[in-house]
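Below you'll find the structure, written out as structure tokens, and then a few comments.
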Amino acid sequence: MIVTKFGGSSLADASHFQKVKHILSENPDRRYVVPSAPGKRYDKDDKVTDLLYLCHASALQGEDFSPNLNRIRERYESIASELQIPFDFSCDFAAIAAALRSGASREYAASRGEYLNGKLLSAYLGFAFVDAADVIRFDTKGVLAEDETNRLLAQHLAQHKYAVIPGFYGADESGNIHTFSRGGSDISGALVARAINADVYENWTDVTGFRMADPRIVKDAQYIENLTYRELRELSYMGATVLHGDAVFPVRKMGIPTNIRNTNDPLHPGTMIRTSFGQENNVNTITGIAGSKGFTVISIEKDMMNAELGFGKRVLQAFEEHGLSFEHLPTGIDTMCVVIRAAELKPLMNSVLNRIQELVQPDQITIHEDLAMVATVGRGMVRTSGTAARLFTALATRGISVRIIDQGSSELSIIVGVDEKHFEMAIEAIYDAFVRM
Ligand code: ASP
């Protein structure tokens, strides 16, 4: 059994609906389909979800939301009429308008994009429609109730050989709609895959998979054929954005592979993500490079710091008290460096520094701003000697000085901190050293 999730750009218009139908007809094991709301058809187009948020904002101000709601309706109606699906949207749109007028929540409004797309797609495919409100369970605070969701999905889907389950939303026990964060249909798809213990979770989108580096920086960056879930975590944490970060957990737990595929290039195998690959899998030294700008390092220096019990704990306490989580923690004998996202730290900077002063009375605190972190990730690194030497030589040759080095003992990644102005150059240099050679 295969669960397929189709993103917004894969369902943006009638021609994409046809592609989806074709993909499903190619393999009868593709039994459960999780659609997003229609996305952009061209660069300046609007996503249906964004239009729904606008409708809700207008309704909240007591303004007329009908122009945007009509635009949404036209989008669905044009898909239905082009595909000759006999579908009457009158009741649905009347219900949405009435709900918006009587103060429906923002999440309810946003969820209607997936809801309507799911109904339309199920009519087009001849699959059953299973409303996510009945099978994806949240608590009243909007936190996913994983076990209950798993139970409800398994129970409902057992009744249908083929079904469409809209992505992005679910409901609490009283029927109030809740949504995941943006891009959350990926999570819905993973939950469905877990509940039915799918052989594969196929995530169909508008790219051919993960690339070894951001193509805006390395134009011809190769596609990654095989990726482990741990590598994926490292790469997405540092900025690679093909899949919603939370979509990994339900499937990874069950050992279900995720296959990223391109709706516009269905013959391409895309990227396969698994818990592990066998030894025979011919692995490159590195799998990918990712990174982001916008980090600050606070270095705290104190003589004999190493002998002061609880020093590190007190430094981190200062961050915890301010609700800040740190990203990396490289330490020396008398120095401790805390790497933190600048946007979160900035408004609290003075208060954090004062608290560190109070708690550990350091000799000196130095702040280094405008830092970019670059992660070079690869399960092959552990087996290859000289990886670090190659990486640092590549950076040095381009005159990039490395401010921070962080290599976990798992040897899955080497993370370096460089000045923001060197960010793109550093990624290119590493790519050249390992891939172009
Ligand atoms: N439609 C929602 C969004 O635009 C959810 C999704 O597409 O996954 O974020």
Residue within region 178-196 that is in contact (Cβ under 8 Å) with a residue 40 or more places away in the chain, more than 30 Å from residue 108 (Cβ to Cβ) and open to solvent by 10 Å² or more (accessible area, probe 1.4 Å) present: no
Only residues in region 106-124 that are closer than 16 Å to residue 71 by Cβ and polar (S, T, N, Q) count as the first member; pair them with residues that are at pLDDT 95 or above and crowded, with 20+ Cβ neighbours inside 10 Å, Cβ under 8 angstrom, at least 6 apart or cross-chain, and list the lot. 117/11; 117/35; 117/36; 117/37; 117/38; 117/48; 117/76; 117/166
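Can you say whether residue 21 is open to solvent by 30 Å² or more (accessible area, probe 1.4 Å), more than 16 Å from the ligand (Cβ to nearest atom) and either assigned to a helix (DSSP H, G or I) or under 11 Å from residue 75 (Cβ atoms) (or both), as far as the supplied structure shows?
On the way: open to solvent by 30 Å² or more (accessible area, probe 1.4 Å): yes; more than 16 Å from the ligand (Cβ to nearest atom): yes; either assigned to a helix (DSSP H, G or I) or under 11 Å from residue 75 (Cβ atoms) (or both): yes.
Against the criterion (open to solvent by 30 Å² or more (accessible area, probe 1.4 Å), more than 16 Å from the ligand (Cβ to nearest atom) and either assigned to a helix (DSSP H, G or I) or under 11 Å from residue 75 (Cβ atoms) (or both)), residue 21 qualifies.
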Does region 310-325 contain at least one residue that is exposed (fewer than 14 other Cβ atoms within 10 Å of the Cβ), over 26 Å from residue 433 (Cα atoms) and within 21 Å of the chain's Cα centre (by Cα)? yes
Take residue 115 and decide whether it is surrounded by fewer than 19 Cβ atoms within 10 Å (Cβ to Cβ), in a helix (DSSP H, G or I) and within 16 Å of the ligand (Cβ to nearest atom). no
Does residue 121 fit the bill of being farther than 16 Å from residue 35 by Cβ, within 25 Å of the chain's Cα centre (by Cα) and not in a strand (DSSP E or B)? no
So, first residue touching a residue at least 60 places away in the same chain (Cβ under 8 Å) and closer than 24 Å to residue 340 by Cβ in region 210-239, second residue assigned to a loop (DSSP other than H, G, I, E, B) and open to solvent by 70 Å² or more (accessible area, probe 1.4 Å), Cβ within less than 9 Å, six or more apart or across chains; the pairs are 230/275; 230/276
From the list 48, 33, exactly one residue is in contact with a Pro (Cβ under 7 Å, 6 or more places away or on another chain), open to solvent by less than 30 Å² (accessible area, probe 1.4 Å) and within 16 Å of the ligand (Cβ to nearest atom). Which is it? 48
Residue 301 versus (1) crowded, with 18+ Cβ neighbours inside 10 Å; (2) farther than 30 Å from residue 26 by Cβ; (3) touching a Ser or Thr at 6+ places or on another chain (Cβ under 9 Å): which is the lone unmet condition? (1)
Please go through region 132-150 and pick out each residue that is basic (Lys, Arg) and either within 16 Å of the ligand (Cβ to nearest atom) or open to solvent by 60 Å² or more (accessible area, probe 1.4 Å) (or both). 141
Members of region 243-276 found to be in contact with a helix residue (DSSP H, G or I) (Cβ under 8 Å, 6 or more places away or on another chain), among the hydrophobic types (A, V, I, L, M, F, W, C) and open to solvent by 40 Å² or more (accessible area, probe 1.4 Å), listed by number: 249, 254
Need at least 2 residues that are of a type in the set (Ser, Thr, Tyr) per element, so show me which strands (runs of 3 or more DSSP E) inside region 247-319 make the cut, counting only ones lying wholly within it. 288-301
For residues that are among the aliphatic types (A, V, I, L, M), within 16 Å of the ligand (Cβ to nearest atom) and closer than 25 Å to residue 236 by Cα, tally how many sit in region 156-198. 5
Is it true that residue 153 is within 16 Å of the ligand (Cβ to nearest atom), hydrophobic (A, V, I, L, M, F, W, C) and either assigned to a loop (DSSP other than H, G, I, E, B) or open to solvent by less than 10 Å² (accessible area, probe 1.4 Å) (or both)? no
Select from region 379-418 the residues that are among the β-branched types (Val, Ile, Thr), part of a helix (DSSP H, G or I) and either without any contact (Cβ under 8 Å) to a residue 24 or more places away in the chain or under 27 Å from residue 336 (Cβ atoms) (or both) and list them in ascending order. 387
What is the number of the single condition among (1) of a type in the set (A, V, I, L, M); (2) within 16 Å of the ligand (Cβ to nearest atom); (3) touching a Phe, Trp or Tyr at 6+ places or on another chain (Cβ under 6 Å) that residue 80 does not meet? (2)
The lone condition residue 129 fails out of (1) open to solvent by less than 10 Å² (accessible area, probe 1.4 Å); (2) closer than 19 Å to residue 29 by Cα; (3) not polar (S, T, N, Q) is (1)
Does residue 228 satisfy the criteria of being within 17 Å of residue 209 (Cα to Cα) and at pLDDT below 95? yes
So is residue 163 of a type outside the set (S, T, N, Q), under 22 Å from residue 75 (Cα atoms), open to solvent by less than 60 Å² (accessible area, probe 1.4 Å) and over 22 Å from the mean Cα position of the chain (by Cα) or not? no
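The values are calculated or read from the model by the stated rules, or taken from the named source; none is laboratory data. What you see is a predicted model; the values in this text were computed from it and never measured. Counting neighbours? That spans all protein chains shown, and the Cβs are built from the backbone with ideal geometry, glycine included. Ligands, DNA and RNA are stripped out before the accessible areas are found, and what is left, the full protein with its side chains, is counted by its heavy atoms. Shrake-Rupley method; radii C 1.70, N 1.55, O 1.52, S 1.80 Å.
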